[in-house]
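This report refers to the structure that appears directly beneath it.
The values are calculated or read from the model by the stated rules, or taken from the named source; none is laboratory data. The shown structure was predicted, so the numbers you read here are calculated from the model rather than taken from an experiment. Backbone-built Cβ (ideal geometry, glycine too); neighbour counts: all protein chains shown.
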C-alpha cells in the first residue's frame with residue numbers, strides 16, 4: 001500500500017530514544033463530552049486558530065522525512081473536521097510511511113469507515129467505555145451507544161487490519177464492565193486496551209477516588225480467561241495479553257501502575273501546531289510560525305523539530321493525589 005523509502009533516524013532524544021511515531025490532533029471539537037476528557041462548560045478554539053488541512057499534511061510529510069513511520073490522527077473527534085478525508089488521502093500517499101491510524105469515538109464510522117480504508121488507514125481505535133446505553137450516555141454526556149456499535153460493525157465490514165477498542169474504567173461508574181467489554185471484544189474478534197485515567201484538565205469527579213489500577217483489571221480478567229503474556233506491540237505503550245485460541249489481544253496502558261516512559265517513541269501535535277514533547281508535561285514548541293513564515297522552505301521547520309529532541313523530558317509527572325492536575329489542558333486539546 002505504501003511506497004517504501006529509507007527513513008533516516010534524525011529524531012533521537014537526549015535519552016537515546018528514537019522517535020518514530022506522531023499523534024496529530026486535527027480538531028479540539030467533539031460530538032461527545034466524556035466526563036474524564038472534558039468539563040461541563042468547554043470553550044473550543046475558533047476555527048481560524050487551528051491549522052489548515054494543507055498545513056497538517058505538510059507537517060506529517062516533514063516528520064516522515066525525519067524518520068517517523070507511524071502517524072495517528074486524533075482529536076477531539078477527528079471525523080468532525082470538515083473534509084478530513086482529504087487529509088487522510090494525502091497522508092496515505094506519503095513514501096516511507098508504514099502505518100496510518102485513527103482514534104475515534106466511533107460516532108461517524110458508519111458513514112466514513114469505507115472511505116478511511118480506501119484512503120490508506122490501516123488500523124482503527126474506537127473508544128468504548130460501556131455497553132449499557134444509559135451509562136454510556138452518562139459517561140459521554142450526549143453519546144448514542146447504538147450509533148457507535150453500528151460504526152464498529154461497518155468498520156469490521158470495511159476490512160481494517162486491526163480494530164481496537166479503548167476502555168477507561170472509573171470506580172463507581174463503570175468498573176464492573178471489564179469482563180463484559182472483554183467478552184464483547186472476543187465475540188467480535190477485536191482487540192481491546194484498558195487505559196488508566198490520566199490527570200489532564202479539571203473535571204467534576206475526584207480522579208484519585210475513581211482510579212482503577214490495570215493490575216486489578218488484569219487480575220479480574222485472568223480469573224475468567226487463561227491469558228498468555230504476549231510480546232506483541234503496536235509501537236505504543238500498551239502491554240498485551242493473548243486470549244488463547246482467539247484473535248483478541250487484551251492490552252493495558254498503565255501510566256500510573258507501570259510507567260512506560262523509558263521506551264517513549266512518541267510526539268504529539270495539537271490542532272494549533274504545538275509540538276508537545278510529553279503528554280504529562282508542559283514542554284512544547286510552537287511549529288505554526290515555521291509553517292507560515294517559511295511556506296516554501298521546510299528547513300526551519302525540520303531544524304525546530306530536530307532541536308526539540310534536546311528538551312523532550314524523561315517522563316510524565318502524573319500524581320492522582322494532587323489537588324489540581326499538573327497539566328491543565330484537557331486530553332481533547334492535545335489529542336487522544
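At-a-glance table
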quantity	calculated
Within the range 62-97, tally of residues that are touching a strand residue (DSSP E or B) at 6+ places or on another chain (Cβ under 7 Å), over 22 Å from residue 298 (Cα atoms) and assigned to a loop (DSSP other than H, G, I, E, B)	3
Residues satisfying the stated conditions in the range 280-311, i.e. touching a strand residue (DSSP E or B) at 6+ places or on another chain (Cβ under 8 Å), part of a loop (DSSP other than H, G, I, E, B) and farther than 24 Å from residue 84 by Cα	280, 281, 282, 283, 309, 311
So residue 302, is it at pLDDT 95 or above and in contact with a helix residue (DSSP H, G or I) (Cβ under 7 Å, 6 or more places away or on another chain)	yes
Residue list for the range 8-28, restricted to those being outside any loop (DSSP other than H, G, I, E, B) and either closer than 17 Å to residue 124 by Cβ or out of contact with any helix residue (DSSP H, G or I) (no Cβ under 6 Å at 6 or more places or on another chain) (or both)	12, 18, 21, 23, 24, 25
Hits in the range 178-196 (condition: buried (at least 21 other Cβ atoms within 10 Å of the Cβ) and at pLDDT 90 or above)	178, 181, 182, 185, 190, 191, 192, 193, 194, 195
Residue check, residue 158 surrounded by fewer than 16 Cβ atoms within 10 Å (Cβ to Cβ), under 21 Å from residue 186 (Cβ atoms) and at pLDDT 95 or above	no
Qualifying positions in the range 114-155 - within 19 Å of residue 168 (Cα to Cα), out of contact with any helix residue (DSSP H, G or I) (no Cβ under 8 Å at 6 or more places or on another chain) and outside any helix (DSSP H, G or I)	125, 127, 141, 142
Test: residue in the range 79-92 that is crowded, with 23+ Cβ neighbours inside 10 Å and under 15 Å from the mean Cα position of the chain (by Cα)	yes
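For every residue, the table says whether it meets (1) modelled with pLDDT under 95; (2) surrounded by 21 or more Cβ atoms within 10 Å (Cβ to Cβ); (3) in a strand (DSSP E or B); (4) touching a strand residue (DSSP E or B) at 6+ places or on another chain (Cβ under 9 Å).
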| site | (1), (2), (3), (4) |
| --- | --- |
| 198 | yes, yes, no, yes |
| 202 | yes, no, no, no |
| 205 | yes, no, no, no |
| 208 | yes, no, no, no |
| 219 | no, no, no, no |
| 222 | no, no, no, yes |
| 231 | yes, no, no, yes |
